[in-house]
Amino acid sequence: MIYRCFLRPLLFRFDPENIHHVVVRLLRFGFRIPGVRSCMSALTTVKHPLLERRLFGLTFQNPVGIAAGFDKNAEVFNELSALGFSHIEVGTVTPKGQPGNPRPRLFRLVADKGIINRMGFNNQGLEAAVQKLKAPHRTIIGGNIGKNTATPNSHAIEDYVKNFEGLFDFVDYFVVNVSCPNISDLRELQDQEALTAILTRLQQINNSRPLRKPILLKVSPDLNNQQLDEVIEMVKTTGIDGVVAVNTTITRHGLQTDKETIAQIGNGGLSGQPLRDRATEIIRYLAHKSGKAFPIIGVGGIMSPEDALEKLNAGADLVQIYTGFIYSGPLIARRINKYLLKAWKGQSG
């Protein structure tokens with residue numbers, strides 16, 4: 001209530017990208033104050049066996065994590081874990097640091113509880129991420145990997161291999177990102193042949209290691225059913241461990257924000273509440289059509305505990321938050337986990 005009524009209106013007066021950097025700095029420095037981490041963890045963490053999830057050899061304390069894009073440079077994964085999240089997906093990481101697209105590139109759609117971004121994989125690069133990830137982990141870390149914008153698609157596989165090998169010892173699972181709409185030509189890699197080649201190569205490296213790491217594929221909400229069927233077949237043929245559904249969308253259907261404002265914003269991926277129903281639809285389709293053959297991490301439009309439960313009921317095994325964190329505040333994981341626990345206790349009783 002305090003966040004929605006007082007803090008959010010204040011934060012929303014400022015440029016969204018600048019505020020994001022401020023929040024990251026506040027998390028970094030605030031948690032250095034003695035006692036802050038333990039107090040926040042005690043306030044936000046909800047523990048119960050009913051909340052635990054065992055997937056691809058990892059035990060998640062609860063189903064709720066932070067999606068890629070929030071902690072691009074692996075700066076605050078431990079701080080975010082103290083807010084009650086069971087896993088943090090860092091990145092998207094590219095082999096070389098890059099500035100991303102020109103600003104402004106991040107826009108709030110307050111009437112829709114949405115965000116449009118065209119960040120363009122802005123990050124400090126693989127080596128910078130590795131240096132930060134050498135710090136002891138207090139949570140499960142996922143590494144979201146992509147190619148540099150300047151890398152042609154014909155050499156994209158080399159970028160994914162560099163990221164995979166560089167991050168291998170420092171993350172618990174990988175997410176291959178070929179579905180972001182903000183990188184020129186990136187989504188061409190969603191073509192079945194190109195993507196199969198990338199995943200097969202990563203699996204070859206993975207299976208050569210003494211202890212392999214889970215590999216998941218992040219899919220676009222703009223795929224049709226035939227393309228989703230190809231995703232299901234690709235998971236089977238390459239032997240990857242699961243799917244993250246979904247990325248941001250290029251569609252602009254049914255928005256409350258006026259068309260002139262949307263036109264002025266221009267290109268970018270839309271996230272938040274407008275994506276909720278489509279994300280759930282894709283999760284349900286993948287789960288049903290595959291016979292729940294692989295784990296699914298559900299992302300997209302989770303703004304409330306009810307939204308999270310909807311994703312899980314549709315077939316997701318875990319859920320991730322990004323835009324919901326911005327609109328609902330830092331206690332969203334606690335609210336979701338308490339709600340889920342109450343609902344599942346009722347079912348078990």
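Of note:
- For the range 73-98, the set of residues classified as outside any strand (DSSP E or B), more than 26 Å from PRO34 (Cα to Cα) and out of contact with any helix residue (DSSP H, G or I) (no Cβ under 6 Å at 6 or more places or on another chain) consists of THR94 only.
- ALA111 vs. criteria touching a residue at least 12 places away in the same chain (Cβ under 8 Å), over 29 Å from LEU55 (Cβ atoms), in a helix (DSSP H, G or I) and in contact with an Asp or Glu (Cβ under 9 Å, 6 or more places away or on another chain): yes
- Number of the condition not met by ASP185 [criteria: (1) acidic (Asp, Glu); (2) surrounded by fewer than 20 Cβ atoms within 10 Å (Cβ to Cβ); (3) at pLDDT 95 or above; (4) within 30 Å of GLY254 (Cα to Cα)]: (3)
- In the range 34-72, the residues that are assigned to a loop (DSSP other than H, G, I, E, B), farther than 21 Å from ASN144 by Cβ and either charged (D, E, K, R) or free of Cβ contacts under 8 Å to residues at least 12 places away in the same chain (or both): PRO34, GLY35, LYS47, GLU52
- Residue under evaluation THR251, criteria (1) surrounded by fewer than 19 Cβ atoms within 10 Å (Cβ to Cβ); (2) assigned to a helix (DSSP H, G or I), criterion not met: (2)
- Some residue of the range 314-332 being in contact with a Gly (Cβ under 6 Å, 6 or more places away or on another chain), closer than 15 Å to TYR3 by Cβ and either of a type in the set (S, T, N, Q) or surrounded by fewer than 20 Cβ atoms within 10 Å (Cβ to Cβ) (or both): yes
- Among the candidates ALA279, ALA287, ALA316, ALA333, residue that is part of a loop (DSSP other than H, G, I, E, B), of a type in the set (A, V, I, L, M) and touching a residue at least 12 places away in the same chain (Cβ under 8 Å): ALA316
- The set of residues in the range 23-63 being aliphatic (A, V, I, L, M) and surrounded by 12 or more Cβ atoms within 10 Å (Cβ to Cβ) consists of VAL23, VAL24, LEU26, LEU27, VAL36, MET40, LEU43, VAL46, LEU50, LEU51, LEU55, LEU58.
- Selection status of ALA343, farther than 30 Å from ASN206 by Cβ, part of a helix (DSSP H, G or I), free of Cβ contacts under 8 Å to residues at least 40 places away in the same chain and among the small types (Gly, Ala, Ser): yes
- Some residue of the range 90-97 being modelled with pLDDT of 95 or more, touching a Cys at 6+ places or on another chain (Cβ under 8 Å) and crowded, with 21+ Cβ neighbours inside 10 Å: yes
- Test for LYS338: is it at pLDDT below 95 and under 22 Å from THR44 (Cβ atoms): no
- Taking the conditions (1) in a helix (DSSP H, G or I); (2) surrounded by fewer than 21 Cβ atoms within 10 Å (Cβ to Cβ); (3) not hydrophobic (A, V, I, L, M, F, W, C) in turn, GLU310 satisfies each one other than (2).
So that you can scan it fast, the table gives a plain yes or no per residue for (1) out of contact with any helix residue (DSSP H, G or I) (no Cβ under 8 Å at 6 or more places or on another chain); (2) closer than 19 Å to VAL299 by Cβ; (3) buried (at least 19 other Cβ atoms within 10 Å of the Cβ):
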| site | (1), (2), (3) |
| --- | --- |
| GLY242 | no, yes, yes |
| ASN247 | yes, yes, yes |
| LYS259 | yes, no, no |
| GLY266 | yes, no, no |
| GLN273 | no, yes, yes |
| ARG276 | no, yes, yes |
| ALA279 | no, yes, yes |
| ILE283 | no, yes, yes |
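The values are calculated or read from the model by the stated rules, or taken from the named source; none is laboratory data. What you see is a predicted model; the values in this text were computed from it and never measured. Backbone-built Cβ (ideal geometry, glycine too); neighbour counts: all protein chains shown.
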